[in-house]
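What follows is a set of notes on a single structure, which appears directly below.
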Amino acid sequence: MKKSIIAIISILLVAGSSTVCQAARKKAAKKVVYSTSMHCKACANKVQDNIAFEKGVQDLNIDMEKNTITVEFNPAKTDTAKLAGAIRKLGYKAKVIEYKDIK
């Protein structure tokens, strides 16, 4: 009986700490907007298909009218320079025009 109670308490503690960690990760998220040289839907698809899977990327939005890429990311896993490098590797310019914490 004593072992069962200890096991249940351990499970609850681990589950609770996981929720706290998820909240901390969400709170620590950053948002960066890049001005880019994309010019067509194929360019946007290429960026979407590749940058969305970069380590640390949580959300990705592409605005073809403004030629911008907005990325929400976990700063513990990546940074603006790495993301810009990944965009440049695809053949597009990537200049930071906005950078902020997400609340």
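Against the numbered list (1) under 16 Å from Ala29 (Cβ atoms); (2) in contact with a helix residue (DSSP H, G or I) (Cβ under 9 Å, 6 or more places away or on another chain), Asp79 comes up short only at (2).
Here are the criteria: (1) open to solvent by 60 Å² or more (accessible area, probe 1.4 Å); (2) more than 18 Å from Thr80 (Cβ to Cβ); (3) in a helix (DSSP H, G or I). Tell me which single one Asn50 does not satisfy. Unmet for Asn50, out of (1) open to solvent by 60 Å² or more (accessible area, probe 1.4 Å); (2) more than 18 Å from Thr80 (Cβ to Cβ); (3) in a helix (DSSP H, G or I): (2). Cβ-Cβ contacts under 6 Å between residues 6 or more apart (or on different chains), taken from a first residue in segment 49-66 that is free of Cβ contacts under 8 Å to residues at least 60 places away in the same chain to a second residue that is open to solvent by 60 Å² or more (accessible area, probe 1.4 Å), are listed as Lys55/Lys77; Gly56/Lys77. Among the basic types (Lys, Arg) and modelled with pLDDT of 95 or more: which single residue out of Lys30, Lys26 fits that description? Only one candidate qualifies: Lys30.
Here is the figure for segment 30-50: residues that are within 14 Å of Val96 (Cβ to Cβ) and in contact with a helix residue (DSSP H, G or I) (Cβ under 7 Å, 6 or more places away or on another chain) total 3.
The values are calculated or read from the model by the stated rules, or taken from the named source; none is laboratory data. As the structure is a computational prediction, the values presented were derived from the model and not from experiment. Virtual Cβ from ideal backbone geometry, glycine too; neighbours counted across all protein chains shown. Side chains included, ligands, DNA and RNA excluded: accessible areas come from the protein's heavy atoms. Shrake-Rupley method; radii C 1.70, N 1.55, O 1.52, S 1.80 Å.
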